[in-house]
Amino acid sequence: MKPCDCKSMTDVRTLQNQGLSFNNYSIEVDSGGVLLSIEPYCRIKINHRNFRRFTEWYLGDQEPKGEP
């Protein structure tokens with residue numbers, strides 16, 4: 001199961017990894033979305049649909065801008 005497919009906390013608990021962290025940066029999956037944290041400064045919750053949109057844009061190829 002992919003983290004983006006989780007619909008409940010039961011689904012989340014079946015994941016091998018429910019999140020990742022590097023130093024004070026972390027990402028966690030819960031039933032309602034994704035939690036991005038930079039401790040102790042901020043914590044942001046984004047629903048699954050919008051997080052998927054952000055990641056598709058970030059990972060997708062784009063044509064370079066043409067010269068003006």
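Derivation of every value follows stated rules applied to the coordinates shown; laboratory data play no part. In this text the structure is predicted, and so the values were computed from the model without any measurement. Every residue, glycine as well, gets a Cβ built from its backbone with ideal geometry; the counts of neighbours run over all protein chains shown.
Restricting attention to the stretch 19-68, report how many residues are more than 16 Å from Asp5 (Cβ to Cβ), within 10 Å of the chain's Cα centre (by Cα) and among the aromatic types (Phe, Trp, Tyr).
1
Yes/no matrix, rows are residues, columns are (1) among the small types (Gly, Ala, Ser); (2) out of contact with any strand residue (DSSP E or B) (no Cβ under 9 Å at 6 or more places or on another chain):
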{"residue": "Leu15", "(1), (2)": "no, no"}
{"residue": "Ser31", "(1), (2)": "yes, yes"}
{"residue": "Tyr41", "(1), (2)": "no, yes"}
{"residue": "Ile46", "(1), (2)": "no, no"}
{"residue": "Gly66", "(1), (2)": "yes, yes"}
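Please name all residue pairs, on different chains or six or more residues apart, with Cβ atoms under 6 Å, provided the first residue is in the stretch 11-36 and is under 20 Å from Asn50 (Cβ atoms) and without any contact (Cβ under 8 Å) to a residue 60 or more places away in the chain and the second residue is of a type in the set (Phe, Trp, Tyr) and surrounded by 11 or more Cβ atoms within 10 Å (Cβ to Cβ).
Val34/Phe51
One line per residue, one yes/no per condition, for (1) among the hydrophobic types (A, V, I, L, M, F, W, C); (2) in contact with a helix residue (DSSP H, G or I) (Cβ under 7 Å, 6 or more places away or on another chain); (3) surrounded by 12 or more Cβ atoms within 10 Å (Cβ to Cβ):
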{"site": "Cys4", "(1), (2), (3)": "yes, yes, yes"}
{"site": "Arg13", "(1), (2), (3)": "no, no, no"}
{"site": "Ser21", "(1), (2), (3)": "no, no, no"}
{"site": "Ser26", "(1), (2), (3)": "no, no, yes"}
{"site": "Val34", "(1), (2), (3)": "yes, yes, yes"}
{"site": "Cys42", "(1), (2), (3)": "yes, no, no"}
{"site": "Ile46", "(1), (2), (3)": "yes, no, yes"}
{"site": "Asn50", "(1), (2), (3)": "no, no, no"}
{"site": "Trp57", "(1), (2), (3)": "yes, no, no"}
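Going by what's in this entry, would Pro3 be described as under 11 Å from the mean Cα position of the chain (by Cα), on the phi < 0 side of the Ramachandran plot and not small (Gly, Ala, Ser)?
yes
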